[in-house]
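Peer 1: Structure provided below as structure tokens; questions to follow.
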């Protein structure tokens, strides 16, 4: 709770709104995080999928190298790099590549002096607590949720169309129906 409070109190509102603007205007959105930062990148990707048909979740555990997944990044694109200790050199190199290709670079980390910010056009800071393992991801996740919520608010018509289409597909293909499978109830504890 303390980290969430400190993150919001110290949030650079101008940087936050710049990040929202950059994402809303982007032709393609690339999102990446390596190791412990990958679940956060996956979360942000799932949220921003509501507003972009051109979203690329850069998966460092896949068969293609990160830079191969970014070959077409360019001037009208944005990349969001997420890195928390231990900072990833792969993330830093990917952001360097994006910067050389004139893409806008948004970084999310725990410290204004984190190496990930070297190529950043816009940096967002979220506290993780003391340098200990495991550290708390509550504040970074809250910041990413706030970022996604603000972008969805700005692009509410696109979000509404996407949600309507998702509902249609779910209903037509019975995605959430039981599909004939029996559920096994958990035994009651006495």
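Peer 1: Given 141, 166, which one is in a helix (DSSP H, G or I), over 21 Å from residue 26 (Cβ atoms) and under 17 Å from the mean Cα position of the chain (by Cα)?
Peer 2: 141
Peer 1: Please enumerate the residues belonging to the stretch 93-115 that are more than 15 Å from the chain's Cα centre (by Cα) and assigned to a helix (DSSP H, G or I).
Peer 2: 93, 94, 96, 97, 98, 99, 100, 115
Peer 1: Next question, about the same structure. Residue check: is residue 76 part of a helix (DSSP H, G or I) and more than 16 Å from the chain's Cα centre (by Cα)?
Peer 2: So residue 76 fails the test.
Peer 1: Restricting to the stretch 36-51, what's the tally of residues that are touching a strand residue (DSSP E or B) at 6+ places or on another chain (Cβ under 7 Å) and surrounded by fewer than 21 Cβ atoms within 10 Å (Cβ to Cβ)?
Peer 2: Number satisfying all stated conditions: 2.
Peer 1: Hey, another quick one. Do the conditions hold for residue 47, that is, is it modelled with pLDDT under 95, within 18 Å of residue 162 (Cα to Cα) and not in a loop (DSSP other than H, G, I, E, B)? First the steps, then the outcome.
Peer 2: On the way: modelled with pLDDT under 95: yes; within 18 Å of residue 162 (Cα to Cα): yes; not in a loop (DSSP other than H, G, I, E, B): yes.
Yes, satisfied.
Peer 1: Please go through the stretch 96-121 and give me each residue that is at pLDDT 95 or above, more than 14 Å from residue 40 (Cα to Cα), crowded, with 18+ Cβ neighbours inside 10 Å and touching a helix residue (DSSP H, G or I) at 6+ places or on another chain (Cβ under 6 Å), ordered by number.
Peer 2: Correct list: 104, 105, 106.
Peer 1: Another question, then. Of 22, 40, 32, which residue is in a helix (DSSP H, G or I), closer than 21 Å to residue 95 by Cα and touching a helix residue (DSSP H, G or I) at 6+ places or on another chain (Cβ under 7 Å)?
Peer 2: After ruling out the rest, the residue left standing is 40.
Peer 1: Let me confirm something: among 90, 153, which residue is in contact with a helix residue (DSSP H, G or I) (Cβ under 9 Å, 6 or more places away or on another chain), in a helix (DSSP H, G or I), at pLDDT 85 or above and surrounded by 12 or more Cβ atoms within 10 Å (Cβ to Cβ)? Please lay out each step first, then the result.
Peer 2: On the way: 153 fails: surrounded by 12 or more Cβ atoms within 10 Å (Cβ to Cβ).
When all the criteria are applied, what remains is 90.
Peer 1: Are any of the residues in the stretch 28-35 in contact with a strand residue (DSSP E or B) (Cβ under 9 Å, 6 or more places away or on another chain) and surrounded by fewer than 20 Cβ atoms within 10 Å (Cβ to Cβ)?
Peer 2: Looking for residues that are in contact with a strand residue (DSSP E or B) (Cβ under 9 Å, 6 or more places away or on another chain) and surrounded by fewer than 20 Cβ atoms within 10 Å (Cβ to Cβ), one finds at least one in the stretch 28-35, hence yes.
Peer 1: Would you tally the residues in the stretch 18-48 being farther than 20 Å from residue 114 by Cα and free of Cβ contacts under 8 Å to residues at least 60 places away in the same chain?
Peer 2: 8
Peer 1: So, residue 147, is that one in contact (Cβ under 8 Å) with a residue 12 or more places away in the chain, touching a helix residue (DSSP H, G or I) at 6+ places or on another chain (Cβ under 8 Å) and surrounded by 16 or more Cβ atoms within 10 Å (Cβ to Cβ) or not?
Peer 2: Criteria met by residue 147.
The values are calculated or read from the model by the stated rules, or taken from the named source; none is laboratory data. Treat the numbers as computed from the prediction; the structure is a model and nothing was measured. Heads up, the Cβs are rebuilt from the backbone with ideal geometry, glycines too, and the neighbour counts pull from every protein chain shown.
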